[in-house]
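What follows is a set of notes on a single structure, which appears directly below.
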Amino acid sequence: MSDVTKSNPHAPDGFFEAEAAGLRWLADARGATIAHVLDVEPGRIRLERIVEVPPTADAARQFGSALARTHDAGAAAFGTAPDGWDGPLFIGRRSMARASERSWGVFYARDRVLPFLEIALAAGNVTLQEAEVVRRVCQRITAGEFDDGQPPARLHGDLWAGNVLWSAEGVVLIDPAAHGGHRETDLAMLDLFGCPYLELVIDGYQEQHSLMPDWRSRIPLHQLHPLAVHAAGHGRHYGTALHAAAERVMEL
């Protein structure tokens, strides 16, 4: 098996170990195919190398079904870390809070939107007026308006197209920010950043696990997290996109 090594001697404590824990936890679900961890130590992780090929419709549908099985494997609570991992969590290079909440809304607003909003505001990527709209939305989220009784899903957590690799054997996922969350959050991130054959991915997903009929109306709600993360460090245009998503959620 050929391999690829990622290293950074200045990485925060637990950075690559958290990645390895997330990959192993997702692989334990026996759903979506996950890049195999060959070795990990402080400042370094070694993974199997994935040889990429062009996406196909069949692989997309199979990926959707597999992703649903991963989500169905569940998590102990909203915000929980991968089983057996008691260290920090990250999304990209940013720290990400861990929690153990029964309410999705409390967890999502407090730990996945508001912390990154404050960073984006300090960076000048969100205006005070825009931030106030996001905060008002988070008040509604915290109050449980969007809680739906679904149990915590086992999320990849950073499911944009760059972490979805198409191989001859099908899709392989890399670089998670794995935690317990709402299944629609992973799907909303695929929608936000684009994914080849996305509608076939959704079809395959629903063959395994039916989504609620109005799930598409909540895509902006579940995009608040990735947009806030990107607004924190990737420019003003993500701040305006975060505000626009919050405005759409206010209409729900």
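The values are calculated or read from the model by the stated rules, or taken from the named source; none is laboratory data. This one's a predicted model, so the numbers in the text were calculated from it and none came from an experiment. Virtual Cβ from ideal backbone geometry, glycine too; neighbours counted across all protein chains shown. The area values use the complete protein model at the heavy-atom level, side chains included, leaving out ligands, DNA and RNA. Shrake-Rupley method; radii C 1.70, N 1.55, O 1.52, S 1.80 Å.
Side notes on the structure shown:
- Normalised convex hull volume, segment 1-146, alpha-carbon set, Å³ per residue: 161
- Whole-angstrom gap from segment 117-161 to segment 1-27, using each part's C-alpha centre: 27
- Solution diffusion estimate, µm²/s, Stokes-Einstein, the chain, Kirkwood Rh from C-alpha pairs, 10 °C, viscosity 1.306 mPa s: 87
- Between 0 and 90°, nearest 10: helix 128-142 axis offset from the chain longest Cα axis: 70
- Estimated inter-spin distance, GLU52 and ASP39, nm [label 7 Å along Cα→Cβ]: 2.6
- Excluding exposed DSSP-loop GluC sites (Glu not before Pro) (at most 14 other C-beta within 10 Å), longest clean stretch of the chain: 1-144
- Cut-off 11 Å between beta-carbons: net charge of the residues surrounding TRP85, Lys and Arg +1, Asp and Glu -1: -2
- Summed side-chain charge close to SER167 - residues other than SER167 whose Cβ falls under 14 Å, Lys, Arg +1, Asp, Glu -1: -3
- 0 to 90° range, to nearest 10: angle between helix 219-233 axis and the chain longest Cα axis: 80
- Were the residues from GLN139 through ARG93 laid out at 0.36 nm apart, the gain over their Cα-Cα distance would be 13.8 nm.
- Its DSSP H runs of at least 4 residues, each contributing -39,500 (n - 2.57), put the calculated 222 nm mean residue ellipticity of the chain at -14000 deg cm²/dmol, to the nearest 500.
- In the full protein context, segment 161-246 carries 33 Å² of accessible surface per residue, based on a 1.4 Å probe and ignoring ligands, DNA and RNA.
- 11 Å reach of a label modelled at TRP160, 7 Å along Cα-to-Cβ, counting backbone N of segment 72-100: 92-93
- Selection from THR127, TYR108, HIS182, by position along the positive dipole direction of the chain (Cβ): THR127
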